[in-house]
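Asker: Provided herewith is a single structure, encoded as structure tokens, for subsequent inquiry.
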């Protein structure tokens, strides 16, 4: 029966030691294909878990998947989703208001174009900020494990 382990931690430990997947396979006594599967799926046999822990000089329990970390990553993804959704709804609402003003004759096409461009630029900046901050938060929570 396979065990779920923290595949990100395996990759981080391997990179920390400056090992390729092939080198980790040789050091741990596992096949290169097993290393690839573990890093891609986080699933491994108890024997593979012991071999990996031994190769890194840690206990097998340190490689188990941390449920709190998973919940934190889910929270990060959910927060980013709602951030993007808020930017999208705000931009769509602003564009609707500009279009209404343009159609009703209360605004010139030049001003409307300027406002549409400003909304596009601001939305892009906000999305970049959301993406960067959620990535930093995700990276810092994975390093804390």
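Yes or no, residue by residue, for (1) crowded, with 18+ Cβ neighbours inside 10 Å; (2) closer than 29 Å to residue 134 by Cβ; (3) in contact with a strand residue (DSSP E or B) (Cβ under 6 Å, 6 or more places away or on another chain):
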{"residue": "13", "(1), (2), (3)": "yes, yes, no"}
{"residue": "24", "(1), (2), (3)": "yes, no, no"}
{"residue": "30", "(1), (2), (3)": "yes, no, no"}
{"residue": "45", "(1), (2), (3)": "no, no, no"}
{"residue": "51", "(1), (2), (3)": "yes, no, no"}
{"residue": "82", "(1), (2), (3)": "no, yes, no"}
{"residue": "90", "(1), (2), (3)": "no, yes, no"}
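Asker: I've got another one for you. Applying the selection to segment 92-101, what residues are farther than 24 Å from residue 129 by Cα and touching a residue at least 12 places away in the same chain (Cβ under 8 Å)?
Answerer: Listed by number, the residues that qualify are 98, 99.
So that you can scan it fast, the table gives a plain yes or no per residue for (1) in the same structural domain as residue 121 (by TED's automatic domain parsing); (2) touching a residue at least 40 places away in the same chain (Cβ under 8 Å):
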| residue | (1), (2) |
| --- | --- |
| 18 | no, no |
| 29 | no, no |
| 43 | no, yes |
| 78 | yes, no |
| 85 | yes, no |
| 88 | yes, no |
| 103 | yes, no |
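Asker: What's the number of the only condition in (1) surrounded by 12 or more Cβ atoms within 10 Å (Cβ to Cβ); (2) modelled with pLDDT of 85 or more that residue 57 fails to meet?
Answerer: Only one criterion in (1) surrounded by 12 or more Cβ atoms within 10 Å (Cβ to Cβ); (2) modelled with pLDDT of 85 or more is unmet by residue 57, namely (1).
The values are calculated or read from the model by the stated rules, or taken from the named source; none is laboratory data. Only a predicted model underlies this, so the values are computations on that prediction, with no experimental measurement involved. All Cβ positions, even for glycine, are placed from backbone atoms using ideal geometry, and neighbour counts span all protein chains on display.
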